[in-house]
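All of the numbers you see were taken from the coordinates with simple rules; none came from a lab. Model, not experiment: these values are computed from the prediction. FYI the Cβ positions are ideal-geometry reconstructions off the backbone, even for glycines, and counts take in every protein chain you see.
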Amino acid sequence: MNIRSLARGLDYLGQVESKRQTYHVFGGERLFLLLSFKPGSQKSGNFNIVEADAVEYACRKFAGRTGLTSNDVVAESKQSSFIRDRFDALNVLYTMVATQCAKIDKRHKTPQLFFNVH
């Protein structure tokens, strides 16, 4: 991956609040970049790259679904090369929230996140 092409033209799409972490989502030409900071520090953290095709796939496949979990996404995307594990699924779901394709359902009081897809 070419880091220069990755960072070129990124637009800030917003932040997504999960139960323990805040993700800052940037959109590029054919990918999204998710940044999260280590709790209690603004100097270190993680980043994840999500392909735009993966987000488009998930928005189509799960349109209209409520109470969707990352485990549901993994189980129902077995034939997809976009989503291989629960972390891929969560990153796609967070990106879907930032792009307003989904919302986090805050009615659930369990540690697991639930999403409603538009």
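Derived scalar couplings between HN and Hα for region 28-38 equal x, 5, 9, 8, 10, 10, 10, 10, 9, 9, 4 Hz in order, rounded to whole Hz, by the Karplus curve 6.51 cos²θ - 1.76 cosθ + 1.60 (θ = phi - 60°), x for Gly and Pro. Here Lys109 is the anchor, and the lysines within straight C-alpha reach of less than 27 Å, apart from those fewer than 8 places off in the same chain, are Lys19, Lys38, Lys61.
Backbone geometry of region 18-23 corresponds, through the Karplus equation with coefficients 6.51, -1.76 and 1.60 at θ = phi - 60°, to 3J(HN,Hα) couplings of 8, 6, 10, 9, 10, 10 Hz, x marking Gly and Pro.
Amide H to amide H distances under 5 Å link Gly45 with Lys38, where only residues 5 or more positions off or on other chains count and H is placed in the peptide plane.
The Cβ shell under 12 Å around Ala98 holds other residues with a net charge of -1, Lys and Arg each +1, Asp and Glu each -1.
Ignoring everything except DSSP H segments at least 4 long, calculate the 222 nm mean residue ellipticity for the chain; use -39,500 (n - 2.57) per segment, divide by total residues, nearest 500.
Details: 4 runs with 34 residues, N = 118.
Mean residue ellipticity at 222 nm (helix-derived): -8000 deg cm²/dmol.
Distant-in-sequence amide contacts of Thr22, defined by a placed amide H-H separation under 5 Å and a gap of 5 or more residues or a different chain, comprise Phe37. In plain terms, the bigger the Kirkwood radius, the slower the diffusion; for the chain, with that radius from Cα pairs, at 20 °C and 1.002 mPa s, Stokes-Einstein puts D at 147 µm²/s. Residues whose amide H falls under 5 Å from that of Gly14, counting only those 5 or more places apart or on a different chain, are Val25, with hydrogens built in the peptide plane.
3J(HN,Hα) along region 60-74: 6, 5, 10, 3, x, 7, 10, x, 7, 10, 4, 5, 4, 4, 5 Hz, from the Karplus curve 6.51 cos²θ - 1.76 cosθ + 1.60 with θ = phi - 60°, whole Hz, x for Gly and Pro.
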